[in-house]
Amino acid sequence: MHIIVPIKQVPQSSAVKMDPVTGTMIRSGSAATLNPLDLYALETALCLSERSAGSVTALTMGPPSAAQILKEALSMGASRAILLTDRLFGGSDTYATSYALSKAIEHIGSFDLIITGERATDGDTAQVGPGIAAWLDVALVTYVSAINTIVDRTMEVERLTEEGYQAVRLTLPALISVVKEIAIPRLPTLRGKKRAMNTPIEEWDARTIGADIGKIGLKGSPTRVVKIESPKVARTAEVHIASDEDSMKGAVDRLIDIIEEVYHG
Ligand SMILES: Cc1cc2nc3c(=O)[nH]c(=O)nc-3n(C[C@H](O)[C@H](O)[C@H](O)COP(=O)(O)OP(=O)(O)OC[C@H]3O[C@@H](n4cnc5c(N)ncnc54)[C@H](O)[C@@H]3O)c2cc1C
């Protein structure tokens with residue numbers, strides 16, 4: 001079984017800084033890390049490939065520094081690592097990012113399964129996985145919390161919903177995005193780190209993957225970030241001490257008044 005895991009380099013959450021003038025994220029100079037939610041995708045892929053004597057390819061689109069997260073994927077056990085990097089990709093929105101990643105996957109060739117994280121902790125849209133599935137025209141199941149069976153080309157999974165779980169049967173090749181409940185990510189071993197040091201990272205640009213220049217970068221991105229604002233939180237407080245039945249009733253009545261004020265103005 002050949003599994004492809006798209007992974008993303010994100011700023012460490014404690015290091016995220018916003019430009020107060022432009023409202024955009026300042027990426028340069030801030031510490032970067034592997035999107036923590038992608039560790040669950042990697043772990044799921046590694047477990048499946050170990051069971052089927054398969055292989056795992058880690059793929060990222062980002063600046064040259066994103067090679068660092070591919071090394072991490074290799075040290076966990078991925079067998080191949082591909083860095084999609086080109087100035088032409090700069091400014092890509094989720095539409096252009098998922099297009100570029102899908103072209104890279106086509107260039108890789110055959111695969112059985114693509115596993116993405118639930119979402120990236122910076123952009124946070126959860127659109128890239130579904131976008132890749134749409135570009136490649138393969139089945140998509142999001143928020144997968146368990147893989148129950150894989151028999152021939154049929155996979156049965158559990159999907160987390162707001163109400164509980166949904167059982168879904170799908171045919172491979174397919175793309176799933178996974179949630180934290182699916183696995184406990186392993187730590188890289190010393191052997192894994194040594195192997196990662198000796199495994200070259202393949203660097204591909206827009207030309208390598210045969211990308212249509214009109215569909216990548218800022219020009220190929222149909223969305224524009226017009227404005228980013230930090231939410232203004234105004235906190236006011238009232239303290240009511242409910243020591244007997246009357247004061248308890250008074251406090252509850254006041255609470256109901258506040259809720260009505262908030263919702264009905
Ligand atoms: C108009 C516009 C301009 C932008 N310009 C820039 C820019 O100049 N520079 C910039 O860095 N970002 C830019 N972005 C943000 C960029 O679009 C997102 O970083 C990217 O598309 C990923 O979206 P996300 O973070 O919401 O990922 P999600 O959709 O939340 O990620 C879900 C999963 O998809 C996979 N994934 C996501 N991104 C990647 C990736 N790059 N490589 C491999 N796998 C991935 C991971 O498995 C991840 O867990 C721009 C966005 C917009 C809308």
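Remarks
- The phi-based Karplus calculation (6.51 cos²θ - 1.76 cosθ + 1.60; θ = phi - 60°) puts the 3J(HN,Hα) values of segment 159-176 at 10, 6, 10, 5, 8, x, 10, 10, 8, 10, 10, 9, 9, 7, x, 8, 10, 10 Hz, whole numbers, x for Gly and Pro.
- Sorting 193-199, 226-232 by their mean Cβ neighbour count within 10 Å, with the most densely packed peptide first, gives 193-199, 226-232.
- Taking the chain as the region of interest, the number of lysine pairs whose Cα atoms are within less than 27 Å, with members eight or more places apart or on different chains, is 23.
- For the chain, carbon and sulfur atoms together expose 54% of the accessible surface, with a 1.4 angstrom probe and every protein chain in place.
- Beta bridges assigned by DSSP with both partners in the chain are antiparallel in approximately 45 percent of cases.
- For the chain, the solvent-accessible area works out to 58 Å² per residue, with a probe of 1.4 Å and every protein chain left in place.
- The chain - charge dipole about Cα centre, Lys and Arg +1 at Cβ, Asp and Glu -1, debye rounded to 20: 1520
- Surface accessible to a 1.4 Å probe, residue 238 within the full protein complex, Å²: 90
- Each peptide in 2-12, 167-177 receives the mean, over its residues, of other Cβ atoms within 10 Å, and ordering these scores from highest gives 2-12, 167-177.
- Surface listing: 263, 40, 143 arranged by accessible area from highest to lowest gives 263, 143, 40, probe 1.4 Å.
- Net charge contributed by nearby residues that have their C-beta within less than 14 Å of residue 220 (K/R +1, D/E -1): +2
- Considering only 235, 119, 224, the Gaussian network model of the chain with Cα springs below 10 Å gives its largest mean-square fluctuation to 235.
- Computed from Cα positions, the angle between helix 245-264 and the longest principal axis of the chain comes to roughly 50 degrees.
- Cα principal axis extents for segment 154-265, largest first, Å: 74, 38, 37
- The chain: C-alpha gyration tensor shape, a/c 1.5 cut-off, then a/b vs b/c: prolate
- Close amide H contacts of residue 139 (hydrogens built in the peptide plane, cut-off under 5 Å, sequence separation of 5 or more or a different chain): 175.
The values are calculated or read from the model by the stated rules, or taken from the named source; none is laboratory data. Only a predicted model underlies this, so the values are computations on that prediction, with no experimental measurement involved. Cβ coordinates were reconstructed from backbone atoms using ideal geometry, including for glycine residues, and neighbour counts include every protein chain displayed. These accessible areas exclude ligands, DNA and RNA; they are computed on the full protein's heavy atoms, side chains included. Shrake-Rupley method; radii C 1.70, N 1.55, O 1.52, S 1.80 Å.
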